[in-house]
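Worksheet: one structure, shown below.
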Amino acid sequence: MTRPTPHIDLVATMSPLLVLSPHYDDAVFSCGRLVAAVPGSTVVTVYTGLPKNSDMQTDWDRRCGFSSAREAMRCRADENRKALAALQAQGVELDFLDSQYAQTALHGADLLADTLMITIARIQPATAIFPLGLFHEDHIQLSNAAFTICPHFPGIRWFAYEDIPYNKTAQRVQGRIDELADRGVVTAALSLNGTGGDKSHAVEAYQSQFRGLGHEDAGPILQHPERYWRIQCEMEFL
């Protein structure tokens, strides 16, 4: 899988920029440099809801040092506000339920797609970026929804970002690209490494995530390069 040269000139034309993030940390981990290079960007985080049993403790929350879902989501929301402030970005939360809190799917793909369409229509970005959809159930669900709705917004330039840290193997990324190609989605790899702001400062805000991942600091996350794919949304994703 070849990697192209940077296209910094394209970054300058991206504003207003909207980034779809499955969880609070994903947009900053995966495209913090780009967000910093486009001040005033909007990060829409999808799975920010609190389960009815807010005292429940999942294995992931326990690994992150939390005793309950309520404590975990409150802390993660605060971490996210600090991170977005460091990148001069604003945040929007859609309050869908993280898969770790849902024993069964509470919301179908149609509701997610409709909510995303309403949100995008309200914000009216020139550029929208969403996760390629690697490994994690929530990432894949959001990615598939974005591929479904992008043909409805032909005036927007669409890109997918490689989900950090799930893009650590080229085979995983290529497998997703091949899957999309089989479904008629046209992609093109490019680099959009922005030069603004301080991604490291923003990533450091997510201390609870480091505990869960087994990292002492932001170093392992920052070692991953930001990589993007241009999407030609000419047909609905089936």
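Using a Gaussian network model of the chain whose springs link C-alpha atoms within less than 10 Å, name the residue from 122, 183, 33 with the highest mean-square fluctuation. Most flexible of the set in this elastic network: 122.
Based on Cα atoms of segment 106-176, Rg over Rh with Rh as the Kirkwood radius reads 0.99. Can you list the DSSP H helices in the chain whose Cα atoms extend at least 15 Å along the helix axis and whose mean Kyte-Doolittle hydropathy is 1.0 or higher? Within the chain the helices that satisfy the rule are 26-37, 109-123. A probe of 1.4 angstrom, applied to the heavy atoms of all protein chains, finds residue 200 with accessible area near 40 square angstrom.
For segment 48-103, trypsin sites (Lys or Arg not before Pro) meeting the loop criterion (DSSP other than H, G, I, E, B) and having at most 11 other Cβ atoms within 10 Å: 52. Estimated at the nearest 10 Å², the accessible area of residue 136 is 50 Å² with a 1.4 Å probe.
Surface calculation, 1.4 Å probe, protein heavy atoms: residue 10 sits at approximately 30 Å² accessible. Here's the list of lysines a cross-link from residue 199 could span, going by alpha-carbon distance under 28 Å and ignoring same-chain residues fewer than 8 apart: 82, 168.
Overall, the anisotropy analysis places segment 40-116 in the oblate class: the square-rooted eigenvalues a ≥ b ≥ c of its C-alpha gyration tensor yield a/c not less than 1.5, with a/b not exceeding b/c. Once the convex hull of all Cα atoms in the chain is built, its volume per residue stands at 114 Å³. Using C-alpha pairs under 8 Å with a sequence gap of at least 6, the mean separation divided by the residue count of the chain gives a relative contact order of 30 percent.
The values are calculated or read from the model by the stated rules, or taken from the named source; none is laboratory data. Please read these numbers as outputs of a predicted model, since none were measured by experiment. For neighbour counting, all protein chains shown are included, and Cβ atoms are generated from backbone atoms with ideal geometry for every residue, glycine included. Just so you know, the surface numbers come from the protein's heavy atoms only, side chains and all, with ligands and any DNA or RNA stripped out. Shrake-Rupley method; radii C 1.70, N 1.55, O 1.52, S 1.80 Å.
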